[in-house]
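Report on one structure; see the data block that follows.
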Amino acid sequence: DGPRHVRAVVVGTGYGAAVTALRLGEAGVETLMLEMGRQWDTPGADGNVFPGMLKPDERSTWFKSRTEAPLGSFLWLDVVNKNITPYAGVLDRVAFEEMSVYVGRGVGGGSLVNGGMAVMPRRSYFEEVLPQVDAAQMYERYFPRANAALGVNHIDKQWFEETEWYKFARVSRKQAEKAGLGTTFVPNVYDFDYMKREAAGEVPKSALATEVIYGNNHGKKSLDKTYLAAALGTGKVTIATLHQVKTIRQRSDGAYLLSVQESDAHGAVLATKEISCTYLFLGAGSLGTTELLLRARETGTLPALSPEIGKGWGPNGNIMTARANHIWNPTGTKQATIPALGIDDWDNPEHPVFAEIAPLPAGLETWVSLYLAITKNPERGTFVYDAATDRAALRWKREQNAPAVEAAKSLFDRINKANATMYRYDLFGARLKNFADDFCYHPLGGCVLGEATDLYGRVKGYRNLYVTDGSLIPGSIGVNPFVTITALAERNAEQVVHQDVTPA
Ligand code: FDA
């Protein structure tokens with residue numbers, strides 16, 4: 001008897017985890033994926049798997065009694081969020097003292113809730129952030145591999161110019177151009193052909209029905225439809241859902257012993273299990289992976305872990321902001337939820353910014369232009385273990401986002417000046433606020449490549465223990481991060497699965 005033993009365990013089912021599981025499965029390695037969220041494949045009472053954004057229910061949010069949408073107010077009124085029953089919903093907002101982080105929960109991780117923007121970083125910036133990695137190899141081999149497997153596609157530019165669904169983006173583009181700023185089309189994993197058919201009324205609507213942050217019922221190639229489907233197809237990979245890894249120990253024979261809590265979707269604990277494995281891959285995301293390793297180091301279950309674990313965290317310079325347009329410049333009552341354009345001012349020597357032109361699909365005219373700006377903020381946070389709560393706490397001060405706000409302000413001040421427009425101050429809570437600097441979508445770092453791990457994600461101090469996800473990237477990548485996370489995981493998996501792992 002004793003705990004169940006599997007050859008390899010992958011914790012999480014996001015980008016890094018999904019890549020790793022597929023490559024392990026292809027190599028013939030019996031692999032168990034442990035995911036704390038649920039599988040999103042069963043329709044609820046309304047016939048849909050995911051709830052809509054305008055009428056969110058319990059499926060929207062990870063164990064809260066009220067939804068916590070990023071745009072929490074309108075005209076300072078608390079009209080956006082709804083009371084709900086606590087449930088294993090798809091979007092979580094993890095609140096640290098001075099920074100909140102949005103993450104996806106469920107089979108597919110962030111791919112279930114994100115905007116699908118599939119952007120490769122500027123090569124020069126990639127080289128600056130990860131000088132330890134061979135950029136030529138990344139751009140010739142692993143980025144193309146990731147893009148192909150993720151199902152990245154491009155919008156039909158002619159359709160973009162004609163459709164009412166992207167009027168909001170064309171309005172913002174024109175205003176950016178007036179300020180001398182260029183825009184660029186952004187590839188996506190949402191199927192743009194499907195979107196065209198939505199617009200034509202041929203198929204059920206998703207991106208054109210305000211769906212995105214609480215899941216897309218159609219059209220999006222989330223990981224459960226790409227990498228994870230392929231991983232399961234190897235016949236070697238299985239996924240256990242609503243299984244949360246709590247602690248990691250090592251046995252004297254070198255195997256890893258995990259304590260895992262199984263719950264139902266309403267939060268009732270069903271069992272606490274021990275699972276042992278020869279190879280352990282952590283793909284629980286920047287927050288999840290870092291917390292597991294910090295807890296192991298600080299409680300002494302893996303005492304030889306590096307002091308670098310917990311360091312090098314950043315929000316990818318994320319700042320959300322919105323502008324108010326003139327009454328004669330409406331942004332449209334119909335808005336696709338999937339962004340298609342970005343304002344690219346990354347070559348600005350003083351304040352590099354890449355700002356996605358985001359929709360505000362409220363179903364009514366708002367005259368709002370919304371943006372998620374990615375800036376180059378050199379500030380970094382550190383995770384520390386808090387014994388009282390048994391959780392990782394993030395040491396990050398609000399002031400550390402000042403350089404990011406300054407960069408976003410410099411860009412949007414230019415746009416406002418050129419168009420004689422103003423900021424909106426009513427969208428980010430009850431107080432006057434024009435830059436949302438207290439939450440992010442792009443948590444990166446905590447177990448930085450080459451610092452807490454070797455150059456391929458092997459965790460320092462232990463054999464057969466690996467990090468595969470966004471925690472490897474030191475806090476910033478200059479664009480939306482999932483393509484980079486995927487490509488880096490491809491690179492590391494190719495090395496590690498071939499060099500370290502034997503199937504049995
Ligand atoms: P990821 O977070 O995807 O997966 C981790 C998984 O591990 C989760 O499923 C989690 O439940 C699970 N887990 C955590 N701890 C666990 C434990 N102890 N036991 C078991 N399971 C555990 N990026 C981009 O490139 N383009 C975009 O358009 C967007 N847009 C966007 C919008 C929104 C609303 C969000 C929240 C995020 C984005 N992102 C994005 C960011 C992107 O989704 C994110 O960078 C990646 O999902 C991170 O991938 P990882 O592999 O690091 O982990």
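Each reported figure results from applying straightforward, stated rules to the coordinates on display, with no laboratory input. This structure is a prediction, so every number in the text was calculated from the model and none was measured. Don't worry about glycine lacking a Cβ; one is built from the backbone with ideal geometry, like all the others, and counts go over all protein chains shown.
So the values come out like this:
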| item | result |
| --- | --- |
| Cα-derived Rg over Rh, computed across the range 352-478 with Rh taken as Kirkwood radius | 1.07 |
| Hull volume in cubic angstrom per residue (convex hull over the Cα atoms of the range 221-300) | 128 |
| Residue exposure sequence - Y190, Y385 - by fewest surrounding Cβ within 10 Å | Y385, Y190 |
| Cα long-axis angle, helix 482-500 against the chain (0 to 90 degrees, to the nearest 10) | 20 |
| Sequence of C447, C440 once ranked by neighbouring C-beta atoms within 10 Å, starting from the fewest | C440, C447 |
| Dimensions in Å of the range 58-121 - Rg and Dmax from alpha carbons | 13.1, 40 |
| Histogram of C-alpha separations across the range 409-484, 5 Å bin width, % | 3, 13, 15, 13, 12, 11, 9, 8, 7, 5, 2, 1 |
| DSSP bridge orientation in the chain - percent antiparallel, rounded to nearest 5 | 75 |
| Alpha-carbon Rg/Rh ratio, for the range 1-144, with Rh computed the Kirkwood way | 1.05 |
| By average C-beta atoms within 10 angstrom, highest first, the peptides 124-131, 276-283 | 276-283, 124-131 |
| Computed FRET value (nearest 0.05) for D264 with K178, which takes r as the C-beta separation and R₀ as 41 Å | 0.15 |
| Tilt relative to the chain, helix 285-298 - C-alpha long axis, 0 to 90 degrees, to 10 | 40 |
| Equivalent ellipsoid, the range 7-92 (semi-axes from 5 times Cα gyration tensor eigenvalues, Å) | 34, 14, 11 |
| From phi via Karplus (6.51, -1.76, 1.60), per-residue ³J(HN,Hα) for the range 212-227 in Hz, x at Gly/Pro | 6, 6, 9, x, 9, 6, 8, x, 8, 8, 6, 4, 5, 9, 10, 4 |
| Cα convex hull of the range 95-234 - mean projected area over all directions, nm² | 12.2 |
| Distance from the range 487-504 to the range 326-383 (C-alpha centre basis), Å | 37 |
| Mean separation of Cα contacts under 8 Å (6+ apart) over length of the chain, as relative contact order % | 23 |
| Neighbourhood charge, 14 Å Cβ-Cβ cut-off, centred on A27 and excluding it, Lys, Arg +1 and Asp, Glu -1 | -2 |
| Amide H partners (placed H, <5 Å) of M33, local residues excluded | V10, T238, I239, A240 |
| Gain on full stretching of the segment that runs from L432 to V203 - 0.36 nm per residue minus C-alpha separation | 78.3 nm |
| Per-residue Cβ neighbour rank within 10 angstrom, fewest leading, T366, T20 | T366, T20 |
| Cα long-axis angle, helix 402-419 against the chain (0 to 90 degrees, to the nearest 10) | 30 |
| Cut-off under 5 Å, modelled amide H: who pairs with K246 long-range | S259, V260, Q261 |
| The chain - convex hull of alpha carbons, volume per residue in Å³ | 141 |
| Cα-based shape type of the range 213-256, given that a ≥ b ≥ c are square roots of the gyration tensor eigenvalues and the cut on a/c is 1.5 | oblate |
| Two-decimal ratio, the range 290-434, of alpha-carbon radius of gyration to 2.2 N^0.38 Å | 1.35 |
| Quotient of C-alpha Rg and 2.2 N^0.38 Å, computed over the range 180-317 | 1.45 |
| Residues with amide H under 5 Å from that of T61, placed H, sequence gap 5 or more | G89, V90, L91 |
| Solvent-free Debye scattering, log10 I(q)/I(0), computed from the Cα coordinates of the range 68-160 at q = 0.24 Å⁻¹ | -1.22 |
| Highest to lowest packing among 391-403, 310-322, scored as the average C-beta count within 10 Å | 310-322, 391-403 |
| Table column - 3J(HN,Hα) (Hz), the range 453-461, Karplus curve with 6.51, -1.76, 1.60, x for Gly and Pro | 10, 7, 6, 10, x, 6, 5, 5, x |
